[in-house]
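Contents: one structure, followed by commentary.
The values are calculated or read from the model by the stated rules, or taken from the named source; none is laboratory data. None of these values were measured; they are calculated from a predicted model. Counting neighbours? That spans all protein chains shown, and the Cβs are built from the backbone with ideal geometry, glycine included. These accessible areas exclude ligands, DNA and RNA; they are computed on the full protein's heavy atoms, side chains included. Shrake-Rupley method; radii C 1.70, N 1.55, O 1.52, S 1.80 Å.
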Amino acid sequence: MGHQVIFHHQYLALIVDNNLEIATEIIDNPDNHESIIQLKVVIVHPNYFPEGIFDCLVGVGNTMKEKIETVTDNFLIGNFQPIINSQKEFHNPNLDFISNENGKEILWHVHPSHLLLQGNWQQEPSENILLDCLQSRLRVILYPQKMNWLKIYISRQPTGEIIGECILNNQPWHEGLEAISEYAQSWDLNGKFLGMKQFIVFKRCDTHNL
């Protein structure tokens, strides 16, 4: 993908572009189907997220090679791309929004992954539908640090049961989960399973330094 990558000199991790550290671990879960692999991922940046961004990803395949390829693709599309994009000067100004911290306005640049859909959607929703559902709440909850990150997963079973998570800066965000669960209630299931997931990075604009 055009990035410089080296192995960490002390332990099993990769260093990307001299500052982004990526470590992984296969989760040994005896309850998993033989076609599934679970991967724990930690992404560390010394300045922006020194304590790490944590995620657990799934790969599917008939062989270990296939499972590794699918879980790697899920990481590159769902996590790596928005994190790398947040390190660049480019951003989509149409997604910018302003929060207020102690009377001071803070401008946020938004770097989302593609909206990843599960199930057979009759009509694909907008790429930014989850951000639209959460933006008013994000304005009052984002930490005034340089980076915030949000992991979203929401699904609705054919029975109508909703399963999801909303993780802000590695911590469960219950109000956010309530908002996207309410949105999922509006889906037209037609007896089918539907789901979506997205990873979003929020970068405080350099013109709004603390």
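Listing for the model above:
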{"item": "Ratio Rg/Rh [Cα only; Rh per Kirkwood] for region 1-89", "result": "0.99"}
{"item": "All-pairs alpha carbon distance profile, region 88-210, 5 Å steps from 0, percent", "result": "2, 11, 22, 21, 18, 12, 8, 5, 2, 1, 0"}
{"item": "Residues whose placed amide H lies under 5 Å from that of Leu194, excluding near-sequence neighbours", "result": "Arg156"}
{"item": "Largest to smallest principal axis extent of the C-alpha atoms in the chain, angstrom", "result": "50, 49, 27"}
{"item": "Computed label-point distance, nm, for sites Glu178 and Asp132 using a 7 Å Cα→Cβ extension", "result": "2.3 nm"}
{"item": "Protection proxy ranking of 117-126, 192-201 - average other beta-carbon atoms within 10 Å, highest first", "result": "192-201, 117-126"}
{"item": "Relative compactness, region 95-148, computed as alpha-carbon Rg over 2.2 N^0.38 Å", "result": "1.39"}
{"item": "Förster-model FRET efficiency, 22 Å R0, Val58 and Asp28, C-beta, rounded to 0.05", "result": "0.95"}
{"item": "Region 46-159 - Rg (one decimal) and Dmax (whole number), Cα, Å", "result": "16.6, 56"}
{"item": "Size of electric dipole in region 1-93: Cβ of Lys, Arg +1 and of Asp, Glu -1, about Cα centre, debye, nearest 20", "result": "180 debye"}
{"item": "Computed accessible area, Glu21, all protein chains, 1.4 angstrom probe, square angstrom", "result": "40 Å²"}
{"item": "Hits among lysines - C-alpha to C-alpha of Lys67 under 23 Å, sequence gap 8 or more where chains match", "result": "Lys40, Lys151, Lys197"}
{"item": "Additional length obtainable on full extension of the chain from Asn100 to Ile68, 0.36 nm per residue less Cα span", "result": "7.3 nm"}
